[in-house]
Every structure is written in structure tokens, then in C-alpha cells.
Amino acid sequence: MLGMGMAQKAREGFADLTVVLPTYNEVENIQLIVPEVFRLCPGTHIVVVDDSSRDGTGAAVSEMMASYPKLRLIERDISKKGLTASVMEGIDSVETEFFVVMDADFQHPPASVENLYWEMRQGADLVVGVRHSMGPLRFSRKMASWGAHKLASTYLWFRRRPRSADLMSGFFGGRTEMVREVIQRKGMRFEKKGFKVLFDILKFCPRGTNVREVGFTFGDRVSGHSKLSSDIVLSVMRQCGAFGKLAGFSFEFFLINRAGRVLGLLILAAIFAIALMMGNPPAKP
């Protein structure tokens with residue numbers, strides 16, 4: 001918890017903070033969350049990185065810019081869509097000392113931005129918003145997130161890189177200079193069409209990176225629909241080096257792709273037939 005004096009100081013101004021909001025078809029949510037962030041974090045900057053929305057999200061942000069001088073819009077090329085790529089572009093555009101990345105659908109509470117910000121002001125290089133509960137998510141999403149976290153955590157442990165209790169979190173902040181350097185040096189190796197940029201950042205952070213955590217309650221979407229699916233596990237597999245890419249390709253081809261499933265059954269049938277023949281050689285004449 002923030003001390004009363006610290007909390008008051010933090011509320012006096014967030015001029016060295018930029019909130020990055022990646023969006024795709026969030027026209028209703030964006031009109032609510034932008035005023036709320038500015039209300040709770042006076043003086044902050046907001047960058048909306050819109051991934052070629054078709055529902056007028058970009059136009060809505062453009063209209064709000066007349067009322068909010070510290071609001072900016074980045075409209076991305078439709079051919080380069082991807083949540084990770086959007087966040088990377090947003091961070092690269094930040095001009096303040098600190099940044100916070102969050103969703104625009106209120107599942108990441110704007111009231112928790114201050115907590116992440118203050119941890120950075122106290123010396124953290126990265127601050128991760130850790131979900132207390134994933135109650136609003138479907139069971140399949142919870143299992144996918146749990147499995148992806150375990151996979152990512154094992155990979156980071158093996159590589160001796162910083163970890164967090166919630167590697168699948170999309171709510172995090174950091175020192176802009178450090179994170180931008182990671183992106184500029186290793187960005188070509190990020191899974192740009194993936195969903196979990198925090199994992200990519202941690203993979204390439206210096207081993208002594210000061211990572212702290214702030215708990216928050218994962219909320220319901222105010223409106224719209226989630227764009228994520230079971231692809232999260234495949235995406236994280238592809239983020240786990242060469243072996244992970246091979247495993248992800250194999251999993252996708254043999255278990256999801258129809259032709260792959262047929263080929264997989266034929267291979268299993270052939271292996272079974274060979275094993276049967278080896279165990280029961282033909283009788284000698």
C-alpha cells in the first residue's frame with residue numbers, strides 16, 4: 001500500500017508517465033477509458049495504438065484529441081496486425097521516462113495504474129500487474145493462460161532470466177529507456193503476431209533487472225468481445241526458442257490442422273503395423 005504522503009505526491013502529477021493502450025475494435029470502451037485514465041492520473045500522456053479497427057475506434061480517438069492535448073493516436077498498417085507488434089510500436093513512441101501498457105476494456109483497472117507507476121518511481125525497472133483472480137474468464141481461457149504461464153516460466157528459469165507470478169499479464173509498466181533498448185536490440189526475435197509481449201521482453205532483459213509486482217482484481221469487459229483464444233498456447237510455444245517453434249508447429253499441424261491430423265493417424269497406423277510385424281514375424285516355410 002502507498003503511504004498517504006506518497007499517494008498524495010503521486011496524485012499531484014504523472015507528467016513523466018505514458019499509458020499505452022493497444023486497441024482493435026474498442027470504440028465503446030475507448031471513449032470511457034481515456035477520460036477515466038486522465039481523471040485518475042492527471043498530467044499523464046496516453047498513446048492509443050489502433051490495429052486497423054473497423055468499428056471507428058481511430059475516428060473516436062481523433063475526436064477526443066481536441067479535448068485532450070496529451071492524447072495521441074497511432075494507426076497501424078492493416079498488413080502488420082498483431083498485439084505484440086502494436087505494443088512494441090507504442091513503447092517505441094513513448095517520450096516520457098516511464099510507461100504502462102494496459103487493455104482498453106477495463107479488465108485492467110485504471111485505478112491500479114498509480115500503483116505500478118509508484119513502484120517505478122521507487123526504482124523498479126519493470127512492474128507486472130498480477131491478477132488476483134481470473135474469474136471473468138471462461139474455463140478454457142483460464143487453463144490456456146495457466147499452461148502458457150508454466151511453459152514461459154520454465155523457459156525463463158532455464159535461461160536464468162527475470163520472472164513473474166503472472167507472465168501472461170498484459171498489464172505492466174517499465175522504464176522506457178531500458179525496455180526500448182531491449183526492443184530495438186531484440187525486437188526482430190519477438191513473436192509480433194503473438195499476444196504476450198511481456199514474456200518476450202523478459203526473455204531479453206538483463207539478468208539483474210529489478211522486476212516488481214502489483215496485485216489487482218481482473219475485471220469484466222465493459223463491452224466488446226475478447227479477441228484471444230487457445231492460440232495463446234501456440235503463440236507462447238513459438239516464443240520459446242527453436243525447439244519451442246518446432247513444438248508449436250508440430251502441435252498445430254498434427255492436432256489442429258485437418259490434413260495434419262490425417263497424416264498423423266497414417267503415421268501412427270504405419271508405426272503400429274511395423275511394430276506388429278516385428279513382434280510377429282512370418283512363419284518359415
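The values are calculated or read from the model by the stated rules, or taken from the named source; none is laboratory data. Here the structure is a predicted model, which means the values were calculated and not measured. Cβ sites come from the backbone with ideal geometry, for glycine too, and all protein chains shown count toward neighbours.
Of note, Lys150 does not satisfy the criterion of being in contact with a Gly (Cβ under 9 Å, 6 or more places away or on another chain), surrounded by fewer than 18 Cβ atoms within 10 Å (Cβ to Cβ), assigned by TED's automatic domain parsing to the domain that holds Ile30 and modelled with pLDDT under 95.
For every residue, the table says whether it meets (1) free of Cβ contacts under 8 Å to residues at least 24 places away in the same chain; (2) farther than 11 Å from Val87 by Cα; (3) surrounded by fewer than 21 Cβ atoms within 10 Å (Cβ to Cβ).
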{"site": "Arg160", "(1), (2), (3)": "no, yes, yes"}
{"site": "Arg175", "(1), (2), (3)": "no, yes, yes"}
{"site": "Ile183", "(1), (2), (3)": "no, no, yes"}
{"site": "Met188", "(1), (2), (3)": "yes, yes, yes"}
{"site": "Glu191", "(1), (2), (3)": "no, yes, no"}
{"site": "Lys196", "(1), (2), (3)": "no, no, no"}
{"site": "Asp200", "(1), (2), (3)": "no, yes, no"}
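Please find, among Asp51, Asp55, Asp92, Asp103, the residue that is crowded, with 23+ Cβ neighbours inside 10 Å and either in contact with an Asp or Glu (Cβ under 8 Å, 6 or more places away or on another chain) or in contact (Cβ under 8 Å) with a residue 24 or more places away in the chain (or both). Break it down into steps so the answer makes sense when it comes.
Details: Asp55 fails: crowded, with 23+ Cβ neighbours inside 10 Å; Asp92 fails: crowded, with 23+ Cβ neighbours inside 10 Å; Asp103 fails: crowded, with 23+ Cβ neighbours inside 10 Å.
Within the list Asp51, Asp55, Asp92, Asp103, the selection yields Asp51.
Kindly evaluate Gly56 against the criterion of being on the phi > 0 side of the Ramachandran plot and either of a type in the set (Gly, Ala, Ser) or within 18 Å of the chain's Cα centre (by Cα) (or both). Answer is yes for this residue.
Taking Arg72 as the residue in question, decide whether it is surrounded by fewer than 21 Cβ atoms within 10 Å (Cβ to Cβ), in the same structural domain as Thr176 (by TED's automatic domain parsing) and modelled with pLDDT of 95 or more. Before the answer, list the steps.
On the way: surrounded by fewer than 21 Cβ atoms within 10 Å (Cβ to Cβ): yes; in the same structural domain as Thr176 (by TED's automatic domain parsing): yes; modelled with pLDDT of 95 or more: yes.
Taking the combined requirement at face value, the residue satisfies it.
Take the residues of region 171-213 that are touching an Asp or Glu at 6+ places or on another chain (Cβ under 6 Å) and of a type in the set (A, V, I, L, M, F, W, C): which is farthest from Pro110 (Cα to Cα)? Residue satisfying both the conditions and the ranking: Phe190. Listed conditions (1) over 26 Å from Arg163 (Cβ atoms); (2) polar (S, T, N, Q); (3) modelled with pLDDT under 95 are all met by Ser133, apart from (1). Residue pairs whose Cβ atoms lie under 7 Å apart, sitting 6 or more positions apart in sequence or on different chains, and linking a residue in region 26-43 that is closer than 16 Å to Val100 by Cβ to a partner that is acidic (Asp, Glu), are Leu40/Glu114; Cys41/Glu114.
I'm checking my understanding of the structure. Among residues of region 106-138 that are in contact with a helix residue (DSSP H, G or I) (Cβ under 8 Å, 6 or more places away or on another chain) and surrounded by 23 or more Cβ atoms within 10 Å (Cβ to Cβ), which one is nearest to Gln184 (Cα to Cα)?
At the first step, the residues of region 106-138 found to be in contact with a helix residue (DSSP H, G or I) (Cβ under 8 Å, 6 or more places away or on another chain) are 106, 110-111, 113-114, 117-118, 121, 125-129, 134, 137.
Checking the rest, the ones that are also surrounded by 23 or more Cβ atoms within 10 Å (Cβ to Cβ) come to 113, 117, 126-129.
Values: Val113: 25, Tyr117: 23, Leu126: 17, Val127: 20, Val128: 21, Gly129: 24 Å.
Going through the qualifying residues, I end up with Leu126.
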